[in-house]
Amino acid sequence: MAKALNAKATVITVTEPLLINAGTADGLAWIPTKEDIDSYDAACKERAGKVLEEAQAMAKQIGLSVELLHVPNTHPATAIIETAKSRGCDLIVMASHGRRGIRKLFLGSQTSEVLSDGSVPVVVVHSRT
């Protein structure tokens, strides 16, 4: 779409922060060590790098230059909306997961949140999984 419209494109991937179990009714809790957090952050960075490398390779195949962005330790919908606003994006294109039956009536929670914000138009495409 960006190539057809001669538009700039930014590919963003967002990784959420490590969830910390602050405690349960029985008093048990898991608080990660610095090593746990560092390991999680490194794994997220590696996974994000692979996603962005794949996106760049696909863009290169069609002759499209893209900006690549990894936003770590953030709520995905929030990061997508804030990035689109701060960069003056005219459109957000997001994938939805291919669901069947009653589940197909619902979009993913991140997609739903971005759509409900309404500050930047959104196109939702069916992801190939």
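None of the figures in this text is laboratory data; all of them are computed from the coordinates on show. Quick caveat: nothing in here was measured; it's all calculated off a predicted structure.
Figures for the structure shown
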read-out: Shape category assigned to region 35-90 from the gyration tensor of Cα positions, a/c cut at 1.5; value: oblate
read-out: Partner lysines for residue 50 [C-alpha distance under 22 Å; skip if fewer than 8 residues away on the same chain]; value: 8, 60
